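The values are calculated or read from the model by the stated rules, or taken from the named source; none is laboratory data. All values reported here derive from a predicted model rather than from experimental measurement. Ideal geometry is used to build each Cβ from the backbone, glycine not excepted, and the neighbour counts take in all protein chains shown. Note: accessible area is taken over every heavy atom of the protein model, side chains too, but ligands, DNA and RNA are not part of it. Shrake-Rupley method; radii C 1.70, N 1.55, O 1.52, S 1.80 Å.
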Amino acid sequence: MSTPQLHVVPPAATTAETDPAVRLAALRALEKKVLWLATWMIHHANHVRPNRDGLKVGGHQSSCASMVTLMTALYFDVLRPSDRVAVKPHAGPVFHAIQYLLGEQTRDKLERFRAFGGVQSYPSRTKDTDDVDFSTGSVGLGVAMTAFASLVQDYVRLKGLAPADQPPGRMIALVGDAELDEGNIHEALLEAWKHDLRNLWWVIDYNRQSLDSIVTDRLFHRIDSFFDNMGWRVVTLKYGRRLEAAFERPGGEALRAWIDACPNTLYSALVYKGGGAWREHLIRDLAGVNGIRALLDEHDDESLAALMTNLAGHDLETVLDAFHGVADDRPTCFIAYTIKGFGLPLAGHKDNHSGLMNVEQMATFRASNRIADGAEWDRFAGIEVEAGELERFLSSVPLIAGGRRRYRDELLPVPDPLPCPREPKMSTQEGFGRILVEVGRKGGPLADRIVTASPDVTITTNLGGWVNQRQVFDRSRREDVFHAEKVVSAQRWTMSPEGQHVELGIAENNLFIFLAAAGLSHSLFGARLLPIGVLYDPFIQRGLDALNYACYQDARFMVVATPSGVTLAPEGGAHQSVGSPLIGIAQDGLAAFEPAFVDELAAIMGWAFDYMQRDGGASDRDWLREVQGGSVYLRLSTRTVEQPERELTGALRDAILAGGYWLKPPADGAELAIVYQGAVAPQAIAAHAQILEDVPGAGLLAVTSADRLDAGWHAAQRARQAGMTGAGPHVEELLAPLAGDAALVTVIDGHPATLGWLGSVFGHRIHALGVEHFGQSGDVIDLHRHYRIDEEAILDAAAAACLDRIRR
Ligand SMILES: Cc1ncc(C[n+]2csc(CCOP(=O)(O)OP(=O)(O)O)c2C)c(N)n1
Ligand SMILES: [Mg+2]
């Protein structure tokens, strides 16, 4: 097994300032300033800015204070342009204060923290305008994102896709300690170990507080050991320099032992109560220890409190030394002991998570920061270092030295049309696998930039052919032992840096976070990838928050979910998806399709590869995201379906992409139409043929995307409200030939509400068939009958619709 050499990140460069004392003084001043600005930003939003709706604006002054030292050290000194950081969501104001000091954020936005158009509640790549690398908010996801970003960085670097002059960066998560309760972090940790990831730092803000309470004392040992188990270096930053010096004095060992043994709850309570309380407890417990009395006598209450809270996570020099001390690419976890609310009167109180300083507390804090009235936003007010010197220091910060950190890459041409396999009968799942194999066989830039990934369902989703052709990605080269031993198998998987398939363990969260990272590769690493994630449709829900997270960051990817619905029949019960078409409609940033035929699928995939690369920026006029682009969800099936013999005309292709077309057009003024989406096409076709005997003008509408039809309809309505009278949505065009009082019988292997809304477009009567209950095992015939989505059910609904019309 050989491991190709990735460049190791060189030891972190420090700021250009060479005099360590000057540098430290500048960093100390900035640390103080950052705490002030973050605290003030939240205070201003809650107590100064007019409040129009009576709701508490909120913000997390204590969570911010906890991270100020760590983030000051990183952003103003340790980070380099290639590094990427996921900031703990509740430290958003700290991040934006730093950006403001670096000249990357405006005062106006800070003043509008959590207001419309201002700084977002939690760091957002898409909604904030400063240099957010990864969005955070739903705790745990940003942390995992750094692991998959590291994987993607390796992927593009080992293939030589990243710009040659760009050194590798460290993917850094600033983690709240309670975030470690989120299972997705542990899933990611295991996957990171399997992929032997490098250049990954997780900095844990170990303030031993969550939202509700103080975390258990024993947690530290667990944290330490599970990172250690995964091969990470663990650097524990426990005590600051002042406390370490005190431990060297007579009685120091006893003092250390006392703090080490102090329960988190008591430590927090004493932090909150202050010097007098520390003194009382130390006298009670250590009075007889030689040296303690002298130590207490030398400190007044204020300096005793400062000493006892001198944890390493608030000790700038210790933090800097620790970060600069890591010079290799081994994944490293820094456990930094901190105090939630450090430096604020909220410090240590167990209820401080949502606590806000009151006006009096703020006045005292302002005085201690020497900030005059009206100078609250002044970058240099109250700072002890001379402004010019600080300005010079700021302009030499390595992170901003290279300019813009959002990269671009060229667009990949998409063959038009994509190759489409021709068989009399096929399933969309089979079609998908074969289209991909054909794309791979033709080769070229598009094929080379496709990266597939699957959570252990590569073979069962028909991706095996593509993987045989393009092989599995791994940082190391590993032969396929079964193949080498001449064991017959349809799969031949050699692993190497050239491979284009990322095989993941069975954790759908990881799949979606991988797609988030790979789908941002153009922006993060300057190398465009076209990621395709393949999973079983029902398990989208397992990773739904991560899917939402990926879309929220505007990552670009294709999700292929197959098989789906009750049509996967014998697999049965819990494996059947009901609500996923509604997810497809509701999920922002994701265009959802459910084709019935493989030629439709090929057209959609060709469009999707282009759509995934569009980057026209968001605009009010682009409600369908035609210019902006987005990600794509394909809901496919294992059901073998007779394929239509046809060549797609341009008009038909456009209709497929807009969401639907008449497979059998209705007569003008027709009183009935059958409308289907996806794998139920055969029974819709059969029922329609029968209905024609009684209702000769009835139409048969093929919906390829309820999502696009719905989005187009809403977009057109909004456009018309805005005065653009010519805006006509595709769905109106489709339904226009029908009589005003016509009935629509809709059918889908999924929730009936997916198509039920079609009745609202022109007020047509609707009979919506679909699945509303948990599935069970059976064959397709039994299950379609049971859930009333078979031919008979369609005929019954059509008959009811016609009777209904007569009765009216
Ligand atoms: C998935 C998710 N669940 C719940 C929350 C609500 N929440 C926000 S912060 C938090 C606790 C954070 O504690 P920790 O990570 O230790 O950060 P600290 O505030 O102590 O710095 C919770 C439960 C959330 N943001 N995301
Ligand atoms: Mg915490």
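The percentage of C-alpha pairs in the stretch 349-494 whose separation is greater than 18 Å is 76%. Counting every Cα pair in the stretch 245-323, what percent are over 14 Å apart? Value for the stretch 245-323 (Cα pairs over 14 Å): 63 percent. Computed over the stretch 307-372, the convex hull of the alpha-carbon atoms projects to a mean area of 6.7 nm².
This model, with +1 at the C-beta of Lys and Arg and -1 at the C-beta of Asp and Glu, gives the chain a dipole about its Cα centre of some 880 debye.
The ellipsoid that matches the Cα gyration tensor of the stretch 423-578 has semi-axes, each √(5λ) in whole angstrom, of 23, 22, 15, with the longest given first. For the stretch 125-186, the extents of the C-alpha atoms along the principal axes are 39, 30, 14 Å, listed from largest to smallest.
For residue 320, what charge total do you get from the other residues with a beta carbon under 12 Å from its beta carbon, if Lys and Arg give +1 and Asp and Glu give -1? Before the final figure, lay out each step's value.
Details: positive: 23, 28, 241; negative: 31, 77, 315, 317, 321.
Overall, the nearby charge balance is -2.
Across all C-alpha atoms in the stretch 577-660, the radius of gyration and Dmax reach 13.8, 42 Å.
Across the chain, the convex hull enclosing all Cα atoms gives 190 Å³ per residue.
Over every pair of different alpha-carbon atoms in the stretch 631-674, take the mean of 1/r and invert it; report that Kirkwood radius in Å.
Numbers: mean 1/r = 0.0749 Å⁻¹.
After inverting the mean inverse Cα-Cα distance, the result is 13.4 Å.
Dividing the summed helix terms, -39500 (n - 2.57) for each DSSP H run of n ≥ 4, by the number of residues in the chain produces a 222 nm estimate of -12000 deg cm²/dmol to the nearest 500. A cut-off under 9 angstrom between Cβ atoms defines the neighbours of residue 509, and their net charge, with Lys, Arg +1 and Asp, Glu -1, is -2. Hey, if you drop one equal point scatterer on each alpha-carbon of the stretch 93-239 and run the Debye formula without solvent, what base-10 log of I(q)/I(0) do you get at q = 0.14, 0.22 Å⁻¹? One equal scatterer on each Cα of the stretch 93-239 leads to -0.82, -1.34. Which is farthest toward the positive dipole end of the stretch 12-101 among 62, 21, 98, measuring Cα position about the Cα centre, with Cβ charges +1 (Lys, Arg) and -1 (Asp, Glu)? Of 62, 21, 98, it is 62.
Eigenvalues of the alpha-carbon gyration tensor of the stretch 529-669, scaled by 5 and square-rooted, set the equivalent ellipsoid semi-axes at 24, 23, 13 angstrom, largest first. Ligands, DNA and RNA left out, the 1.4 Å accessible surface of the chain is 52% carbon and sulfur atoms.
If we sort 358-364, 591-597, 311-317 on the protection proxy, mean other Cβ atoms within 10 Å, highest first, what's the order? Don't skip to the end; give the middle numbers.
Working: 358-364: 12.4, 591-597: 27.6, 311-317: 23.3.
Sorting 358-364, 591-597, 311-317 by mean packing, highest first, produces 591-597, 311-317, 358-364.
Judged by the mean number of other Cβ atoms found within 10 Å, the most tightly packed of the peptides 396-406, 523-533 leads the ranking 523-533, 396-406. Expressed as a fraction of 2.2 N^0.38 Å, the value expected for a compact globular protein of N residues, the C-alpha radius of gyration of the stretch 15-124 is 1.11.
With respect to the chain, whose longest principal axis is taken over its alpha-carbon atoms, helix 61-73 is tilted by about 80°.
Beyond a 26 Å Cα-Cα separation, which of these cross-linked pairs lie in this structure: 56/340; 33/109; 33/238; 56/238; 194/442?
Details: 56/340 21 Å; 33/109 18 Å; 33/238 24 Å; 56/238 35 Å; 194/442 32 Å.
Beyond 26 Å between Cα atoms: 56/238; 194/442.
The stretch 530-550 and the stretch 383-454 have Cα centres spaced 18 Å apart.
Think of the stretch 329-424 as having a plus end and a minus end, set by charges on the Cβ of Lys, Arg, Asp and Glu; of 375, 355, 339, 339 sits farthest toward the positive end of this dipole.
What does the charge count around residue 738 come to, taking other residues whose C-beta lies under 10 Å from its C-beta (Lys +1, Arg +1, Asp -1, Glu -1)? Intermediate values should be presented prior to the final figure.
Numbers: positive: none; negative: 668, 671, 741.
Here the charged neighbours net out to -3.
For the stretch 169-257, trypsin sites (Lys or Arg not before Pro) meeting the loop criterion (DSSP other than H, G, I, E, B) and having at most 11 other Cβ atoms within 10 Å: 218. Taking Cα centre as origin and charging only the Cβ of basic (Lys, Arg, +1) and acidic (Asp, Glu, -1) residues, the dipole magnitude of the stretch 388-521 rounds to 240 debye. Note on the stretch 152-208 and the stretch 54-78: Cα centroid distance 21 Å, given to the nearest whole angstrom. For the stretch 621-743, the Kirkwood estimate of hydrodynamic radius, built from reciprocal distances between every pair of different alpha carbons, is 15.9 Å.
Would you work out which of 603, 683, 651 lies farthest towards the positive end of the dipole of the stretch 600-684? Charges go on Cβ: Lys and Arg +1, Asp and Glu -1. Highest projection toward the positive end goes to 683. Per residue, the convex hull spanned by the Cα atoms of the stretch 651-808 measures out at 117 cubic angstrom.
Computed about the Cα centre, the dipole magnitude for the stretch 285-341 is approximately 260 debye when only Lys and Arg (+1) and Asp and Glu (-1) carry charge, each at its Cβ.
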